Amino acid sequence: MVVSYPTQHRNYCIFDTDTEKKISRGENEIANVKVALENPSSEDDVVENLYILNRMLDNGVDKEKITNLYPVLSAYNNTKSPNIQTYLAGIYRKTKIPDAFGPLIKMLIRDSIEPIENAGFDPTEEIGGAILDYLV
């Protein structure tokens, strides 16, 4: 797996072709993503698998199947990684898991008090959008 993170000229990640293959497997890939998130080898591994879940949601995979991963996803609620926060907030925004609302508020407050410097992503943008979607 290779992840190319955002730069000052590109506000998104680029993943290798294996990532697209995993996304195309849809629901059949969820169990593998779960195992990978439970036992990540690196931040890249976490970001790739959160991206896969985000794209699965965009592609119409049953939201409930991803909502059921909350116990695994919640392990990342306290991360300070802007990359992980951004993708995690995107998943929470699309699934509106009730238990994730508090952690989103906590992330927004923490990031406001201790801004993340020189990050390709501004996680507060996605976190704020997720919170707004919960309230609407």
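The values are calculated or read from the model by the stated rules, or taken from the named source; none is laboratory data. Because the structure is predicted, anything quoted here is derived from the model rather than measured. Positions of Cβ are generated from backbone atoms using ideal geometry, with glycine treated the same way; all protein chains shown enter the neighbour counts. Note: accessible area is taken over every heavy atom of the protein model, side chains too, but ligands, DNA and RNA are not part of it. Shrake-Rupley method; radii C 1.70, N 1.55, O 1.52, S 1.80 Å.
Largest GNM mean-square fluctuation across Tyr70, Tyr87, Tyr12, computed for the chain with C-alpha springs under 10 Å, falls on Tyr12.
Loop-located GluC sites (Glu not before Pro) in the range 31-136 (DSSP state not H, G, I, E or B) with no more than 15 neighbouring Cβ atoms inside 10 Å: Glu117. Here the label points at Lys65 and Ile116, each 7 Å from Cα along the C-beta direction, are separated by 2.8 nm in the simple model. For the range 73-136, the Kirkwood hydrodynamic radius comes to 11.4 Å, computed from all pairs of different C-alpha atoms.
Approximating the spin labels as points 7 Å out from Cα along Cα→Cβ, the Ser4-to-Arg25 distance works out to 2.5 nm. Among Lys96, Lys21, Lys80, the residue with the largest mean-square fluctuation in a Gaussian network model of the chain, with springs joining Cα atoms closer than 10 Å, is Lys21.
The alpha-carbon of Lys106 sits under 20 angstrom from the alpha-carbons of these aspartates and glutamates, leaving out residues fewer than 8 places away in its chain: Glu114, Glu117, Asp122, Glu125, Glu126, Asp133.
Largest mean-square fluctuation among Ala100, Ala31, Ala89, in a Gaussian network model of the chain whose springs join Cα atoms under 10 Å apart, belongs to Ala31. Surface exposure of the chain, expressed per residue as accessible area with a 1.4 Å probe, stands at 53 Å².
For the Cα trace of the range 37-94, dividing Rg by the Kirkwood Rh returns an Rg/Rh value of 0.93. Full extension of the chain between Asp18 and Glu43 yields a length gain of 7.3 nm, computed as 0.36 nm times the residue separation minus the alpha carbon distance.
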